[in-house]
Amino acid sequence: TKYFHSVLASRRRGNAISSLQVDDTTVEGVVPIRAAVVSHFASHFKKVTVDRPAVDNLLFKRLQSSEVGGLIKPFSLVEVKAAVWDCDSYKSPGPDDINFGFIKDFWAE
């Protein structure tokens, strides 16, 4: 066990970060290194505000009542079959572990 303990201690020393180069200065010690790492990631993952143009005064075209009905009609069997046959049979399966090849093989005509 002494051997394994020395291997583990050596590995821990090798993986330890004793100093860090930040810009043109070398940072040493646990607290300064921790502060430098937190500062680095805080600057990269901060919330970015973007000024977007207002759309309040824009005039958008409205759908006619005849066009609205086309948005909520159910899919036809022909549309579903065309969508399935457009997909590659050997792509990665979905969350149910079934790929499109399986569906195509067992599609009832």
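Miscellaneous remarks
Residue-by-condition table, conditions (1) closer than 30 Å to Gly101 by Cα; (2) touching a residue at least 40 places away in the same chain (Cβ under 8 Å); (3) outside any loop (DSSP other than H, G, I, E, B):
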residue: Phe4; (1), (2), (3): no, no, yes
residue: Arg13; (1), (2), (3): no, no, yes
residue: Ile17; (1), (2), (3): no, no, no
residue: Val31; (1), (2), (3): no, no, yes
residue: Phe41; (1), (2), (3): no, no, yes
residue: Lys47; (1), (2), (3): no, no, no
residue: Asp56; (1), (2), (3): no, no, no
residue: Gly70; (1), (2), (3): no, no, yes
residue: Ala82; (1), (2), (3): yes, no, yes
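- Test: residue in the range 97-108 that is of a type outside the set (S, T, N, Q), in contact (Cβ under 8 Å) with a residue 24 or more places away in the chain and touching a helix residue (DSSP H, G or I) at 6+ places or on another chain (Cβ under 9 Å): yes
The rows are residues; the columns are (1) more than 32 Å from the chain's Cα centre (by Cα); (2) exposed (fewer than 10 other Cβ atoms within 10 Å of the Cβ).
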position	(1), (2)
His5	yes, yes
Ala16	no, yes
Phe45	no, yes
Asp51	no, yes
Phe60	yes, yes
Ile98	no, no
Trp107	yes, no
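- Only listed residue being polar (S, T, N, Q) and touching a Gly at 6+ places or on another chain (Cβ under 8 Å), chosen from Ser89, Ser76: Ser89
Quick note: the coordinates plus some simple rules give every number you see, no bench work behind them. Since the model is a prediction, treat every value here as computed from it, not as a measurement. Don't worry about glycine lacking a Cβ; one is built from the backbone with ideal geometry, like all the others, and counts go over all protein chains shown.
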